[in-house]
Each structure stands twice: as C-alpha cells, then as structure tokens.
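Visitor: Sharing a structure below in structure tokens format, with a few things to ask.
The values are calculated or read from the model by the stated rules, or taken from the named source; none is laboratory data. Note that this is a predicted model, so its numbers are computed, not measured. Heads up, the Cβs are rebuilt from the backbone with ideal geometry, glycines too, and the neighbour counts pull from every protein chain shown. For accessibility, only protein heavy atoms count, side chains too; no ligands or nucleic acids. Shrake-Rupley method; radii C 1.70, N 1.55, O 1.52, S 1.80 Å.
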Amino acid sequence: MAQSWRHDRQVPPLDEAALERLALRYVERYATSRAKLRRYLERKLRERGWGGDAPPDLVQLADRFAELGYVDDQGFASAKAGALVRRGYGPRRVSQALRAAGISEVEAAPAESEARDGAWAAALDFARRKRLGPFAAALPDRAGRGKAIGAFLRAGHDLATARRLTDARPGEIPERDDR
C-alpha cells in the first residue's frame, strides 16, 4: 500500500522560542540581510500565527542577530553585488537588487562603488554571454540593434555603454571610454 501524506496536520502557532529557532535556521542556511530576515519571519507569522504573550519584536531579533554576527548587511551587499557583476549586470541593476534586499544606502555604498568600478568588465561579460556586439556573429539590423540595447539597459548598463558595445564590429572589442 502506498504511503499517504498528511496534509491536514495543524502546526502550532509560533512563540518566542520557536520564532528564534526559525530565524536561526534561516540564517544558517541562507546569506541574508536584516530586512530579508524580518520579511521571512513576518511571512511565517502570517502562516502560523502568534501564540506568545506580547507581540513579537522582529526588528529587535534581527538587530540582535546582526550584533551576534549571524547577519551582516554590508557583507551581504558586497557578496550580492559581486555575484551580479560577475554575471554581467551593471551598476543600476546592482543598486536595485540591494534596495530590494533592504540594504540601507550607507551599507550599500561600498558595494555600489565596486559595481561602478567594474561596470565596463561586466558589460563585456554580458555581451560575451549574450553574444552581442563584438561577440556577435554579424552586425545586427536595426531591430536587432534595438533589442541588444534594450538587453543592456535591462541588465543595468548605461545607454552610452550599450550603444558602444552594440555598435562594435564582431571580433573588435572597443577600449574602455573613461570620459
């Protein structure tokens, strides 16, 4: 006989200890920011409810985890920015990702600076991965050029970089323009 799964099992509401265990399990499994940890715990509270005496203080819990070194917003920002830049994304896309993760402007500043410094290399990596501009088989037609520029812009690169790389002849990688 096949095993049947119990989908109707009731999970007890969370209390302080259970909430802290959930938070600890989350930070041990995922690199995260304080804001992402709070959003995760808010979702769990909506799903399971609260059974504690006083309402939970998620901000205090996230801040305590940061003091203990379990959560590091600046380290998370640096790692996230580095990963996006290595995948070919530009500074604008990096900034958007850090804002979505709840990283403050002060903590995001060093990571955003690194993304701006590596913008040209990231744009070349993006062009290589998508086979655009100097890495394309042939010069694109007008519609293809528009699509390529749009791809660069969606990836967070500026218009000047997008045009410069899209207009490059296949096999001819343009030099970085630091104007």
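Visitor: Restrict the check to region 92-108 and report whether at least one residue is open to solvent by 60 Å² or more (accessible area, probe 1.4 Å), farther than 30 Å from LEU132 by Cα, among the charged types (D, E, K, R) and without any contact (Cβ under 8 Å) to a residue 60 or more places away in the chain.
Guide: Yes, that holds for at least one residue.
Visitor: Kindly indicate whether ILE149 is outside any helix (DSSP H, G or I) and at pLDDT 95 or above.
Guide: Answer is no for this residue.
Visitor: If you take the residues of region 142-161 that are charged (D, E, K, R) and within 22 Å of the chain's Cα centre (by Cα), which of them is farthest from ARG131 (Cα to Cα)?
Guide: Taking region 142-161 and keeping what is charged (D, E, K, R), we get 142, 145, 147, 154, 158.
Now drop any that are not within 22 Å of the chain's Cα centre (by Cα), which leaves 154, 158.
Working: ARG154: 16, ASP158: 18 Å.
It comes out as ASP158.
Visitor: Being over 16 Å from LEU24 (Cβ atoms) and touching a Leu at 6+ places or on another chain (Cβ under 8 Å) is the filter here; which residues of region 46-58 pass it?
Guide: Of everything in region 46-58, those that are over 16 Å from LEU24 (Cβ atoms) and touching a Leu at 6+ places or on another chain (Cβ under 8 Å) turn out to be ARG48, GLY49, TRP50, GLY51, GLY52.
Visitor: Oh, and also: Filter region 54-81 down to residues that are open to solvent by 20 Å² or more (accessible area, probe 1.4 Å), closer than 30 Å to HIS157 by Cβ and small (Gly, Ala, Ser), then give me how many there are.
Guide: 3
Visitor: Right, another one. If SER113 satisfies all but one of (1) open to solvent by 40 Å² or more (accessible area, probe 1.4 Å); (2) part of a loop (DSSP other than H, G, I, E, B), what's the number of the condition it fails?
Guide: SER113 satisfies all of (1) open to solvent by 40 Å² or more (accessible area, probe 1.4 Å); (2) part of a loop (DSSP other than H, G, I, E, B) except (2).
Visitor: Next question, about the same structure. Does VAL11 meet the test of being of a type in the set (A, V, I, L, M), under 20 Å from GLY102 (Cα atoms) and in contact (Cβ under 8 Å) with a residue 24 or more places away in the chain?
Guide: Numbers: of a type in the set (A, V, I, L, M): yes; under 20 Å from GLY102 (Cα atoms): no; in contact (Cβ under 8 Å) with a residue 24 or more places away in the chain: yes.
No, not satisfied.
Visitor: A further question follows. Kindly indicate which of ARG46, ARG29 is surrounded by fewer than 13 Cβ atoms within 10 Å (Cβ to Cβ), under 19 Å from GLN74 (Cα atoms) and basic (Lys, Arg).
Guide: Values: ARG46 fails: under 19 Å from GLN74 (Cα atoms).
Sole residue among the options that is surrounded by fewer than 13 Cβ atoms within 10 Å (Cβ to Cβ), under 19 Å from GLN74 (Cα atoms) and basic (Lys, Arg): ARG29.
Visitor: Just checking: which of the helices (runs of 4 or more DSSP H) contained wholly in region 1-81 hold 1 or more residues that are touching a Gly at 6+ places or on another chain (Cβ under 9 Å), basic (Lys, Arg) and within 30 Å of ALA109 (Cβ to Cβ)? Break it down stepwise before answering.
Guide: On the way: elements: 16-29, 34-48, 58-67.
Fully inside region 1-81 and qualifying: 34-48.
Visitor: Could you tell me which of the residues GLY118, GLY52 is over 30 Å from ALA162 (Cβ atoms) and touching a residue at least 24 places away in the same chain (Cβ under 8 Å)? Before the answer, list the steps.
Guide: On the way: GLY118 fails: over 30 Å from ALA162 (Cβ atoms).
Among GLY118, GLY52, only GLY52 is over 30 Å from ALA162 (Cβ atoms) and touching a residue at least 24 places away in the same chain (Cβ under 8 Å).
Visitor: So ALA123 fits all but one of (1) touching a residue at least 12 places away in the same chain (Cβ under 8 Å); (2) open to solvent by 20 Å² or more (accessible area, probe 1.4 Å); what number is the exception?
Guide: Status for ALA123: all satisfied but (2).
Visitor: Let me ask another. List the residue pairs whose Cβ atoms are under 9 Å apart, where the first residue sits in region 156-167 and is part of a helix (DSSP H, G or I), the second is open to solvent by 70 Å² or more (accessible area, probe 1.4 Å), and the two are 6 or more positions apart or on different chains.
Guide: Filtered contacts from region 156-167: ALA160/ARG179; ARG163/ARG145; LEU165/ILE173; THR166/ARG145.
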